[in-house]
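Nothing in this text is a laboratory measurement; each read-out follows from the coordinates by a stated rule. These numbers come from a predicted model, not from an experiment. Here Cβ is always computed from backbone atoms with ideal geometry, including for glycine, and neighbour counts include all displayed protein chains.
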Amino acid sequence: MPPTGDPLANRYRRLLLCYPREWRRLRGEEMVAVLLESATPGRTRPTPRETVDLLRHGLRSRLGRPASYTVVAWAVLTAVICGLFSAALTSWVAWQTARPLPDRAETTALVAEVLPGYAAKEMDSPTALFTFYSQPLRLENLDSVLLGDGGEYQQGAVVAVVTGVPPASQQETLALAQRRLRETGWRVYPPHVVPGTTCTGISCDPAARDTMIFARRGDTGLDLSLPARPSVDSTPVTVALRRATPPAVLPAGVLGGLIGAVAGWLVFGWASRRTERPHRAADAVTVLHTITMLLWWSPAVLAAPQLLQHHRDEPHPVWHPLWEWLGQPALSLFFVVGAGCALCGLALATLPRRDPGPLTTTATG
Amino acid sequence: MREPTFLILTALAGGSRHGYGIIQDVAAISEARVHLLPGTLYTALDRLVAQGLVAHDRDEQVEGRLRRYYRLTHQGLQALDVETARLRQLTNAAEARLRTLRPHTA
């Protein structure tokens with residue numbers, strides 16, 4: 001499609017870039033002619049309605065298989081899951097902009113600030129924002145992550161075991177912590193009460209309840225765990241500090257999601273056009289794509305409702321990261337096998353077609 | 001069969017047409033109620049060709065612009081026939097019910 005001096009024609013040609021190259025080669029000039037004939041005299045720009053129409057139908061045309069009603073549904077499934085995985089990846093990268101976790105001195109100071117009269121007795125300070133069994137994830141852990149332990153890759157937190165002198169009751173500690181957190185500028189969430197985990201044997205008090213307090217200040221989230229009877233069971237009061245989601249995560253996730261979705265649509269479209277019958281691997285590619293979608297979607301479909309329920313059950317100053325909503329890396333084996341199927345399908349799609357002619361368009365009819 | 005598809009087949013039943021001709025004919029048949037945009041038209045034409053209802057007829061150059069003409073195939077004629085009969089049956093049924101409801105206007 002050679003450019004001309006007509007600005008309207010040139011703008012239409014640019015919009016036709018939404019269509020696949022083969023389609024443009026066969027139909028581009030015909031389409032531009034129809035668009036120009038439909039335009040009112042003197043107009044130099046496509047109307048918004050025309051623009052949307054060309055974008056929409058150009059993206060549809062990229063899927064090939066013009067007589068198929070299901071190809072659009074498959075393309076949407078593919079684009080959405082690719083977008084979600086890309087968003088998860090870019091949000092993980094953006095998470096690296098978070099400040100390191102509080103060090104021992106900062107944690108000690110925070111404990112003293114929030115619980116005056118209490119002291120941090122023991123402290124577990126991971127060196128990474130996300131840890132695997134409280135340790136930074138290493139290459140040698142990959143097999144464990146893939147084979148069932150992926151759920152142990154979680155956001156790291158500095159956990160301090162604190163004790164008061166003399167030991168106070170749960171209610172006293174709760175009241176003190178809530179008052180001090182508010183006084184020192186923390187946003188305090190309603191206490192979360194759960195059945196007492198230390199209730200055992202004949203000393204069991206059915207009314208005993210463990211209490212959790214969640215709070216956030218700036219980029220730090222705080223979980224304070226108050227056991228039902230700390231003075232009786234010697235169960236420790238713990239303070240956990242973790243980093244809140246950095247501001248860069250949302251824009252990075254949105255951008256990554258959009259890029260991934262567009263890439264997913266385009267790659268699916270390419271493979272779909274490429275494997276229109278009589279392609280020798282058409283059936284195999286369809287089966288591989290179906291398996292990929294099953295393996296990529298099922299972890300997300302399983303994990304997202306559970307995590308949503310978890311978020312509803314207790315306050316979350318820091319939301320779980322996007323990849324956990326997609327069942328990753330807990331079910332990363334599904335993702336890896338699905339990716340393998342997708343790559344095999346794409347490799348098969350590159351096989352030459354049986355017919356030497358061009359891909360299906362109305363121009364060949 | 002969706003209305004734009006029915007209108008495109010109806011337009012081509014009057015003889016072969018190029019893209020802009022189909023758009024104009026559809027507007028005329030629908031009394032300006034349906035105005036097809038080129039993107040919508042060509043997606044429909046892609047589908048109809050793939051289904052074997054419409055075929056490429058000939059090309060012409062008019063004032064330096066390419067005009068590609070399309071025609072109804074035998075299969076397309078049959079599909080239009082079937083759809084017309086279906087719509088006629090529905091229209092007759094609706095008219096019969098309306099006459100029952102409003103006998104004085106029948």
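When the protein assembly as shown is described by a simple charge dipole with +1 on each Lys and Arg Cβ and -1 on each Asp and Glu Cβ, the residue from B:Val62, A:Pro299, A:Ser91 located farthest towards its positive end is B:Val62. Charges were assigned to the Cβ only: +1 to each Lys and Arg, -1 to each Asp and Glu. The resulting dipole of the range A:118-194 about its Cα centre is roughly 520 debye. Taking H as built 1.01 Å from N, whose amide H comes closer than 5 Å to the amide H of B:His18, not counting residues under 5 places away? Under 5 Å from the amide H of B:His18 lie the amide H atoms of B:Tyr70, each far enough along the sequence or on another chain.
Just to verify a number: FRET efficiency for A:Ala67 and A:Ser134, C-beta to C-beta distance, R0 = 56 Å, to 0.05? E between A:Ala67 and A:Ser134, to the nearest 0.05, is 0.50. Report summary: the helix-based calculation at 222 nm, which adds -39500 (n - 2.57) for every DSSP H run with n ≥ 4 and divides by the residues of chain A, gives -16000 deg cm²/dmol.
Averaged over peptide A:33-45, the number of partner chain Cβ atoms lying within 10 Å of each residue's Cβ comes to 4.
Shown here for the range B:1-92: GluC sites (Glu not before Pro) in loop regions (DSSP other than H, G, I, E, B) with at most 10 other Cβ atoms within 10 Å, namely B:Glu31, B:Glu63. The phi-based Karplus calculation (6.51 cos²θ - 1.76 cosθ + 1.60; θ = phi - 60°) puts the 3J(HN,Hα) values of the range A:246-255 at x, x, 6, 5, 5, x, 5, x, 5, 4 Hz, whole numbers, x for Gly and Pro. Take each residue in B:21-29, count the other chain C-beta atoms within 10 Å of its C-beta, and the mean is 1. Near the amide H of A:Arg243, within less than 5 Å, lie the amide hydrogens of A:Gly221, all on another chain or at least 5 residues away, with H placed in the peptide plane. Tell me the net charge near A:Pro317. Cut-off is 13 Å between Cβ atoms, A:Pro317 excluded, with +1 for each Lys or Arg and -1 for each Asp or Glu. So the surrounding residues net to +2. Coupling constants for the range A:20-31 follow from the phi torsions by the Karplus curve (6.51 cos²θ - 1.76 cosθ + 1.60, θ = phi - 60°), and in residue order they are x, 4, 4, 5, 5, 4, 8, 10, x, 5, 4, 5 Hz; glycine and proline get x. Within the listed set A:Pro195, A:Pro246, A:Pro329, the residue fluctuating most in the Gaussian network model of chain A (springs between alpha-carbon atoms under 10 angstrom) is A:Pro195.
In order along the range A:286-294, the phi-based Karplus estimate (6.51 cos²θ - 1.76 cosθ + 1.60, θ = phi - 60°) of 3J(HN,Hα) comes to 4, 5, 4, 5, 4, 5, 4, 4, 4 Hz; Gly and Pro are listed as x.
For peptide A:17-27, the mean count of partner chain Cβ atoms within 10 Å of a residue's Cβ comes to 1. The angle between the Cα long axis of helix A:48-61 and the main principal axis of chain A comes to about 90°, on a 0 to 90 degree scale.
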